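The values are calculated or read from the model by the stated rules, or taken from the named source; none is laboratory data. Keep in mind that what you see is a predicted model, and the values were worked out from it rather than measured. In this analysis, Cβ positions are derived from the backbone assuming ideal geometry, glycine residues included, and neighbour counts consider all displayed protein chains. For accessibility, only protein heavy atoms count, side chains too; no ligands or nucleic acids. Shrake-Rupley method; radii C 1.70, N 1.55, O 1.52, S 1.80 Å.
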Amino acid sequence: MKRAASWVVVCLLSSPEALSATAELSWVPPSENVDGTELTNLAGYRLFYSDVSGPPYTGAFATVASPIDIPVASLADPVNPAYILTGLPTCLRVYFAMTAYTSEALESAYTNEVSVEVLDPPVGLTLAETGAGELLVSWSALPGDDAGAVGSYRVRYGTVAGGPYEQEVVVEGSATSVVLSGLAVGTPVHVVLEAVCPEGRSLATDPLVITPVTGCGNGLVEPPESCDGDCPTTCDDGLACTLDLLVGQAVTCDARCTHTPITACASGDGCCAAGCDAGSDSDCSPTCGDGRLDPGEACDGDCPTACDDGDPCSRDLLVGSAASCSAACAAVEVAECLDQDGCCAVGCDAATDDDCSSDAEAPRAVVLPEPLVGGCACSPAGGAGLASTGLTLAGCALLLALRRGSDRRLR
């Protein structure tokens, strides 16, 4: 018989219920005998598979054990024959070969061998914002034996839709979540997930995208920030008897002003502190007490004795003294989260200060609830099949195709 060129096409499909894979094989039937005469008595095919390369292909781990008899009469379309093998386990490399036989029980040699490692992408991928520049990436655990087959998961992410994904995190196969941190507020983050087998990895899930809005730089003051977009750059309260300092930084949203009363008698600092006079501090007025506001005096005869600006979120301090005509009121912003002080300070919330209302927004999440579609890694093994007697299916090459649900979308 004359050898006819044929192709074996292996397509991996998903099985969402079991997370195992389905191999859909199709091929071109032979049309001639080895001697060149027309083939008129083709009766069927035998499909062989195993998790070990090479004959005798005694696999028994799918829904049907090898070899699988495929009579021509059983094919829906004998001109374009195809067969679907279900129940292939995740993370297992499966080797395929095929023969053809006639009604006179003459059988061809094996086709060349092809192999695929069956592995579906993970399912149930979700993203949720959990804090300043942080995202929780979660996915569903694989059921049954598949859970132990996956060695690790690889989370890849970046700022460009469709990639490249410049950063990645690898977690062990038993994990179902990981936290990404240090993300830029206001910049979309695109995330894909892959499962990794000993011999390769799955196709990536469809990407999910979320834009972090919580954290420094979004213009909202959120715990534990003290400012965001309106951070102070200088801290002069206009009072000579306070030491004004800028603490923290605008880039980390923790910049704030402190105003500490000056208590030491020191010439040249512009302050006549309480208990000081012109003899101990050149900043004190020699004319204090004459009822006139002279240079260097903050008051004279009308000096404050108590300070209250009516704002519960400020600490009111009396600095200087009436005796030295340096008395003045200074308001220091409350920066601590303290219960029952009447102030919900900047950067505090109901969890840290009972003066704050509980109106925190729940984490935003993007969810892809539908299972994703299977993938594989594969390689052809061997060259063209050689005929001994009877028919042959030769020149086979492995082609991969993915079938994706057309209605899958972000919801």
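A few points about this structure:
- Top-ranked residue of the stretch 255-295 - restricted to ones that are β-branched (Val, Ile, Thr) and in a loop (DSSP other than H, G, I, E, B), ranked as nearest to the chain's Cα centre (by Cα): 262
- Residue that is most open to solvent (accessible area, probe 1.4 Å) [pool: residues in the stretch 216-242 that are of a type in the set (Gly, Ala, Ser) and at negative phi]: 240
- Scan of the stretch 23-60 for residues that are open to solvent by 20 Å² or more (accessible area, probe 1.4 Å), at pLDDT below 85 and over 18 Å from residue 102 (Cβ atoms), ordered by number: 24, 26
- Residue within the stretch 343-364 that is at pLDDT below 50, in contact with a Gly (Cβ under 8 Å, 6 or more places away or on another chain) and not small (Gly, Ala, Ser) present: no
- Check on residue 266, open to solvent by less than 70 Å² (accessible area, probe 1.4 Å) and among the aliphatic types (A, V, I, L, M): yes
- Restricting the stretch 269-281 to residues that are small (Gly, Ala, Ser) and open to solvent by 30 Å² or more (accessible area, probe 1.4 Å), the residue that is farthest from residue 244 (Cα to Cα): 279
- Residue count, the stretch 282-321 (criterion: in contact (Cβ under 8 Å) with a residue 40 or more places away in the chain and open to solvent by less than 50 Å² (accessible area, probe 1.4 Å)): 6
- Subset of the stretch 61-91 [loosely packed, with under 14 Cβ neighbours inside 10 Å and touching a residue at least 60 places away in the same chain (Cβ under 8 Å)]: 84
- Restricting attention to the stretch 94-108, the residues being open to solvent by less than 30 Å² (accessible area, probe 1.4 Å) and closer than 30 Å to residue 173 by Cβ number 2.
- Looking only at the stretch 296-339, residues that are touching a Lys or Arg at 6+ places or on another chain (Cβ under 9 Å) and part of a loop (DSSP other than H, G, I, E, B) come to 4 in all.
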